[in-house]
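The structure appears below as structure tokens.
The values are calculated or read from the model by the stated rules, or taken from the named source; none is laboratory data. Being a predicted model, the structure only gives us computed values, none of them experimental. Because the Cβ atoms are built from the backbone with ideal geometry, glycine has one as well, and the counts that use them run over all protein chains shown. To get the accessible areas, we keep the full protein, side chains included, count just its heavy atoms, and leave off ligands, DNA and RNA. Shrake-Rupley method; radii C 1.70, N 1.55, O 1.52, S 1.80 Å.
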Amino acid sequence: LGLLYQEYRDKSTRQEIETRRLQDSQTDPEESSPGEETPSEAEPTSTPESKAPPQISLLRNSNSRFNLWQDLPEIQSSGVLSILQPDEIKLQEAMFELVTSEASYYKSLNLLVSHFMENERLKKILHQSEAHILFSNVLDVMAVSERFLLDLEQRVEENIVISDVCDIVYHHTVNHFSVYITYVSNQTYQERAYKQLLQDKPAFREVITQLELDPKCKGLSFSSFLILPFQRITRLKLLVQNILKKVEEKSDRESTALDAHKELETVVKACNEGVRKMSRTEQMISIQKKLEFKIKSVPIISHSRWLLKQGELQQMNGPKTSRTLRTKKLFREIYLFLFNDLLVICRQIPGDKYQVFDSAPRGLLRVEELEDQGQSLANVFILRLLENADDREASYMLKASSQSEMKRWMISLAPNRRTKFVSFTSRLVDCPQIQCVHPYLAQEPDELSLELADVLNILDKTDDGWIFGERLHDQERGWFPSSMGEEILNPKIRAQNLKECFRVHKSDDSQRRKLGSRNRQ
């Protein structure tokens, strides 16, 4: 608890990365933990009642450090480590991490409220409506975290060996965690308001800077505190996944972990949708204003429509036999707006406007790559509209600026097209994998934001440094720079990652397939 959550989270994920690196460097993953066997029926897997409950009050003891469960003096002196099997010790560590990380998270939330939100100088500078947008319902979030942590602490103090925590996670997720959806859905407004206040109010900027310099903040920015709830609810799901991978199969603890994970996944999805909904609506309105239709007008704004990709490509003029013409004459610029259900093809005109000259439903698009066609036709592909705006089939020969840009367009235009490597959803025994060692924030709609220690299947890669990946823990897909990760070379570790992932999602296989299909769209 001596660590703020930002520090705790970074330390934890860095350790996860190093552990995976160590396993990957070994010929056999079992070498990393010698003597690990499945507990036999004759050997006890839990300890008798402790003489006295351990006094591990994480909420009140602000001097405790980032610890492993087995390193606690109470555990060391109890003799329990000589009784428990290695697998059970790993499970205890996974459950203990969920508890200690919640304590660290609560400490950071408390600092956000007491140090920033309740600062008297800041209160005088901010209008009530500005403060509401900036801090949203953080008091509700903190109250929920405190109740959750108290229940977790009570469980830890019942016995030296933690019986379970996922039943508590399930109860709080179902009954209290809706406050996270409210907070995270406000994120777009929050970010905009913060930038505007920094720009328009020098006094606000000055106070925030002074508060950030306080030793309490340990060099962390105000914005890193504001984003805590979204980071926590996502991380909590991963911590439950980690427990789920370690509980005995077909046990009550597995059933409880699966239930908790399912409910957390529902909350995380609702948070993501809340964030996307507002930004998507504003983006669609902006695009609608820029389009002028040369053909029959198509209504752009719809609650079920969003932008997947936009950008300029070069269109080849004339028939394919014109390849002998000079490159400058061969191509002309066109601009594409690709939505989840519609493609509109435009030419840019003065005044930051776009004239639409063709369109097609996204489901009626087909792509084909041209290979070995010479330098002038490098990164060229064929786009076929099976039914265009004139109810006819049409073909466009399009040239991208790079190999990665070509592949990104092809996968976005035709998501069901086979990629270089088979996807996670095929249940392939082996597939190239990568773990994230540098966080990445998506810059375009077809990119994927990455967190430290994320593990992804590699579905495609380009010669100019981009990877199309599918994250194992949620099957989200997207592009990211290859420099953000390290490839996992040990096939046994890759197989183990897949096996664990299938186990996490086995409670609703049909839902997983639907999710994979939706992500491809």
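With a 1.4 Å probe and all protein chains left in place, how much accessible area per residue does the stretch 123-179 have, in Å²?
45 Å²
Given a 1.4 angstrom probe, I'd like the percentage of the accessible area of the stretch 66-286 that is carbon and sulfur, rounded to a whole number. All intermediate terms of the calculation are to be shown ahead of the outcome.
Values: 4980 of 9640 Å².
Roughly 52 percent of what the probe reaches on the stretch 66-286 is carbon or sulfur.
With r defined as the distance between the Cβ atoms of ARG14 and LYS289 and R0 fixed at 45 Å, what FRET efficiency is calculated, to the nearest 0.05?
On the way: r = 46 Å, r/R0 = 1.01.
Using R0 = 45 Å, I get an efficiency of 0.50.
Across 5 Å bins from 0, what is the distribution of all Cα-Cα pair distances for the stretch 66-286, in whole percents?
1, 6, 13, 16, 16, 13, 12, 9, 6, 4, 2, 1, 0, 0
Give the accessible surface of the stretch 220-282 per residue, rounded to a whole number of Å², with probe radius 1.4 Å and ligands, DNA and RNA excluded. Mind dumping the intermediate values first?
Values: 2500 Å² over 63 residues.
I get 40 Å² per residue for the stretch 220-282.
Give me the aspartates and glutamates in straight-line cross-link reach of LYS296: C-alpha distance below 17 Å, same-chain residues under 8 apart excluded.
Partners found: ASP358, GLU387, ASP390, ASP391, GLU393.
Under 14 Å Cα-Cα from LYS246, which aspartates and glutamates qualify once same-chain neighbours fewer than 8 residues away are excluded?
Within reach: GLU36, GLU37, ASP87, GLU88, GLU93, GLU97, ASP164, GLU254, GLU500.
Give me the net charge for the shell around GLY311: Cβ to Cβ below 11 angstrom, other residues only, Lys and Arg +1, Asp and Glu -1.
Around GLY311, the charge tally is -3.
Against the 2.2 N^0.38 Å scaling, with N counting residues, where does the stretch 242-288 land? I'd like the Cα-based Rg ratio to two decimal places. Before the final figure, lay out the partial values.
Values: Rg = 17.7 Å, N = 47, 2.2 N^0.38 = 9.5 Å.
Here the Cα radius of gyration is 1.87 times the empirical estimate.
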